[in-house]
Structure formats: structure tokens, C-alpha cells
Amino acid sequence: MPSRALQWLSLVSIIWLQSINGTNTNFPAYSSQLKHAFSISQLQLNNLAFASDAGKLLGWFSGIAAIYLPLWLVLLIGSTLGLTGYGLQYLSITNQIHSLSYLQIFSLTVLAGNSICWINTVSYVVVIRNFPPSYRQVAVGLTTSYQGLSAKIYTDVIAALFRSSSSSSTKKAKAYLLLNSVLPLMASFMTAPLIRGINDVGLVVTKPENMDAGFVLMFLITMATGVYAVVSSLGLIVSSSALVRVIGSGVFLLAPLVIPVAEIIREGLEKYWSLSREKRVYHFTIEENVHEDRHHHHQDGLKLDGDHQDHDHGREVVVSEVDHHDHDDVDVGVREEVGVKAMLIRIDFWLYFFVYFCSATLGLVFLNNLGQIAESRGSSRTSSLVSLSSSFGFFGRLMPSFLDYYFSRRKYVVSRPALIAVLVAPMGGAFFLLLNSTNLSLYISTAVIGVCTGAISSISVSTTTELFGAKNFSVNHNVLVANIPIGSFLFGSLAALLYHKEGNGSGKCMGTKCYRSSFLIWGSLCFLGTILALILCARTRKFYSQR
């Protein structure tokens, strides 16, 4: 297979992996049912949400494994961890094994959360290795955006399987656990042969502009996918059933295959035309040489010398062009390569850490509690809300990639800290809007928080490489996202305690009062995150200007 086609095929494989890798994002859709099935309290349920994020504390293991093990093996290890974590919970809830204790359920959830890190690490490393710096950030952002669709894909599949409204909620919880354990493993086996780095990418891609057409088409496909996801989540397609939504999502996930197929056809035609041209030139040269031998035999020595000089001159020109290409392809956004120990003693890292802590982490805590928030407001459309947040999260993750691509064509680099500052402020406003008791405010806030959380999660990948380099990215980024389980535990536990207090000690609380204090705290922390992001931007702005 041509190398360029293999590049695009590896990107499509990562898209498929990411689209089913966000197994923790569908937790709100079945958290209430899980609470009743395992007979646990609200605080214990919240700790399970923390446990899923706590797997990221051990995410650096996957970074080290990616350095020493083949990427396909790292991928299969990650999916096997997910199979174990979710699979044993499924067997327990279906009474096929002895009932698990809460500690065992907690540990299995940590294991399942850690499996996501392994698949994410493989995805990032493959894209970073396979694409030149001028396209690397765009490719990472595109693939990352598809993880935002995971919750929608899972909820649509469950809705298609349980079309009857009489289906028990416990059955749906069982189905979520089963899909969470099986789907990532199936996708990993399917894509494992394509998960590899193309070491000679610099030799094959002589002109980065040649990839523009592919990325433009990929953006169009991705935008169409996002529009379809939002429209189907809002129920704007009257005739669409759950089964139709699943089929539609499948078609859109297969659509990116058009690019590697077109690349195979293009390279095949180019090879055919090149061989035909060489054949014609060969015959013409033979006839010309015979004519020259008859009339200018005495000039053969001079002619051969001249041909040798021309050949050498041509070789020098080719080398010069390659060197020029390598110079243009330097990732100018990267300040320096920094190891994890040096990173941990830098002010920029801790500013970055707490910016993420007060932005994307808060958004994830809200999404983890979305099921309980909807229930406390008397809403029965939890799955629709989860699907909505997933769809808007997809657009949020895609937005930085589009900006990267747009400004890179104009020789400018957008400041990542500045983008984060712009995104954190609306999140704070959305939390304060949730103090309103109407369902409209709940939907609007969920959409805004989904967009901003997704965008910041996507931006963080390129921010890590720009601040601390790409060489140690797999370990550095996993250290950064360790703030997610910390925030999930602190903010989630506080919200659970306030929920329990407002419920007057009972296991259930109803009304906007249940999360009022939590929304005030989260909104205030978002504005603190905005200030910290502006400070980080002020410290680094000179590195993000004109190329």
C-alpha cells in the first residue's frame, strides 16, 4: 500500500478508535440505574465517577509502554483492561458471578478508566509520528473531536436495542456495561494492523501543500458528522428512529475512508503515467543516440561528461529542495523539549495545571453529574441531555483544529492560553444560568459546557507539545490530566455532600436547590480559571505570533 494512503488510513483508524473510546462519558446515562442496582448512596455513586477519572493517575504507565512496546500491543492491553473493568461489573449485575463489594466495584472502575488512557496515548503517538508538524496539531484535533461522539453513539445503540419504553432501567445499565467492555476491544482488533508509525514521512511528503485537499475533505466530512449528531440529538429529524440514527452515524464514520481510497487511486494513476512517460522517453532517447552516433561520434566523450555534470547538478537541486522543505516544516510553536522532572518545577506548568483544573475538569464533573442533575429537576430525558452534550462536545473538540488549519495557512499561530481564556468565561456563565429552574436553561447550559469542555480538552494536546515539546509528550500529558481525578474527587464529593444536605439526609433530593451551591462554586472557579489563563498567555505570548 502507498505510504500516503497508509498515513490517511491510520488517521481513519484513530477516528474509529476515538469514537468508541469515551466509555466514561456515557456514565451519566445509566448512573441513576447503577445506583439502584448496586444499592449505593449518592456519595458512593459520585466516588465511582471519580474512580473512572482516577484511572488517569496511572495513565503515565501507558506513556512509558508506548516508548518500549509496539503500539498495537499497547492498544490491545488498553482494550483488555477495559474488558476486565466493565466486564466483571456486567457479570456481577447479571448475577453470573458473586456480588461484588463496593471496593471491588470501585477498583474495577479505576481499571476501566485507565484503559481509556492507553487507547488515547496510542492515538496521539500515531498521529504525531505519521504527520509533519505543519499538519500534526490539526490531525490530533480532528481525531480527538471524535471522542466527543462516544456518548451519543452508545446512547443511540442502547435506544435502538431497547426501543420499547417498558424496558427496565436495569436492563439498560447492563447493556451499557456490556457495550463499554466489548466495543473498544472489537475496534482495537480491527484497527491494530494499521496502528503503526510511518518513519519515512519526510521522504514521501515532499510538499506539505499536497495534503491540503485531504484535510479540507476531512473537515467537510467531520462538520457534516457534527451537524448530523446535533440535529438527531435535538430530535429535529422527525422520521429518524434510534435505529436510523445508529445507521446514519455508521455511514458518517465510514465516510473518511474516501480519502485513503482516493489516495490509492491517485498514486496508482501517477505510477502508471510515470512508467508510460519513462517508456516513451526511453524509446526517444535510443533513437536520438543512434542519430548522434552517426553524425557526431567524435563528441561522445564530451557529451558523457556533460551528462554526468547535469546529473550531479540535478541531484544537488533535489537535495536543496528537501532541505528547504525540512526547514519549512519545523514546528515553530514548540519552545523546547522538556522532561517530566523539569516540567514539574516550572511555573508555566502549574499555571497550566490549574487552568485546566478550573475549566475542563469542572466541565467533566458537571457532565458526570448530569444524570443526577436532570433527575433532581424532574427531567426524564437524561439520555437526550447526554447525547446533546456529546454532540456539542464533538463540535468543541473540532473547533481548535479548524482554527489551527485556518491560521496556519496564513502563517500565524493562535495562542492556546488565549483560546482557553476565551472558552472558560462562557462556562462560568453557563453554571450561573443553571440557577434558573427552566428546562431551557438546562439544555442551553449543557450545550455551552459541552462545547467549551470539548474545545479545551482538544487544545490541551497541542498546548502540552508547544509548552514542553513532543519528545516526552506521552508522559507529560498524562501527568497534566492527573488533575481530572483530583478535581473529580474534590468537586464531585462536595456536590454530593451538598446534595445530601439539601435532601435533608434522605438518599434523594428534588428541586434546583440540590445543586444551587455547587453551581455557584463551579461558576466562580471558572472565572478564576480565566484569570489564570490570561496570566499564562501573558507569559508565553511571544512564542505564539507570526511564523
**Message:** If I go through region 53-86 residue by residue, how many of them are closer than 28 Å to Ala37 by Cβ and either touching a Gly at 6+ places or on another chain (Cβ under 7 Å) or open to solvent by 10 Å² or more (accessible area, probe 1.4 Å) (or both)?
**Reply:** 11
**Request:** Answer yes or no as to whether Ile237 is at pLDDT below 85 and crowded, with 18+ Cβ neighbours inside 10 Å.
**Result:** no
**Asked** Pro417 is checked against (1) open to solvent by 10 Å² or more (accessible area, probe 1.4 Å); (2) at pLDDT below 80; (3) within 30 Å of Phe131 (Cβ to Cβ) and fails just one. What number does that condition carry?
**Response** (1)
**Message:** Please go through region 450-487 and give me each residue that is within 18 Å of Cys537 (Cα to Cα) and hydroxyl-bearing (Ser, Thr, Tyr), ordered by number.
**Reply:** Ser457, Ser458, Ser460, Ser462, Thr463, Thr464, Thr465
**Prompt:** If you go through region 446-463 one residue at a time, do you hit one that is surrounded by fewer than 19 Cβ atoms within 10 Å (Cβ to Cβ) and either farther than 25 Å from Ser415 by Cβ or out of contact with any strand residue (DSSP E or B) (no Cβ under 9 Å at 6 or more places or on another chain) (or both)?
**Reply:** no
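Tell me, which helices (runs of 4 or more DSSP H) lie completely within region 84-182 with 2 or more residues that are touching a Leu at 6+ places or on another chain (Cβ under 8 Å) and more than 30 Å from Met211 (Cβ to Cβ)? Before the answer, list the steps.
On the way: elements: 102-130, 133-145, 150-161.
Answer list for region 84-182: 102-130, 150-161.
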**Prompt:** Looking at Leu6, Leu48, Leu17, Leu34, which one is in contact with a helix residue (DSSP H, G or I) (Cβ under 9 Å, 6 or more places away or on another chain) and open to solvent by 10 Å² or more (accessible area, probe 1.4 Å)?
**Reply:** Leu6
**Request:** Could you please give the count of residues in region 339-381 that are in contact with an Asp or Glu (Cβ under 9 Å, 6 or more places away or on another chain) and open to solvent by 20 Å² or more (accessible area, probe 1.4 Å)?
**Result:** 2
**Request:** For Ser39, state whether it is over 20 Å from the mean Cα position of the chain (by Cα), on the phi > 0 side of the Ramachandran plot, open to solvent by 20 Å² or more (accessible area, probe 1.4 Å) and not assigned by the TED database to the domain that holds Asn478.
**Result:** yes
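The values are calculated or read from the model by the stated rules, or taken from the named source; none is laboratory data. Just so we're clear, the structure is a prediction, and the values are computed from it rather than from any experiment. All Cβ positions, even for glycine, are placed from backbone atoms using ideal geometry, and neighbour counts span all protein chains on display. Keep in mind that these areas ignore ligands, DNA and RNA; they rest on the heavy atoms of the full protein, side chains included. Shrake-Rupley method; radii C 1.70, N 1.55, O 1.52, S 1.80 Å.
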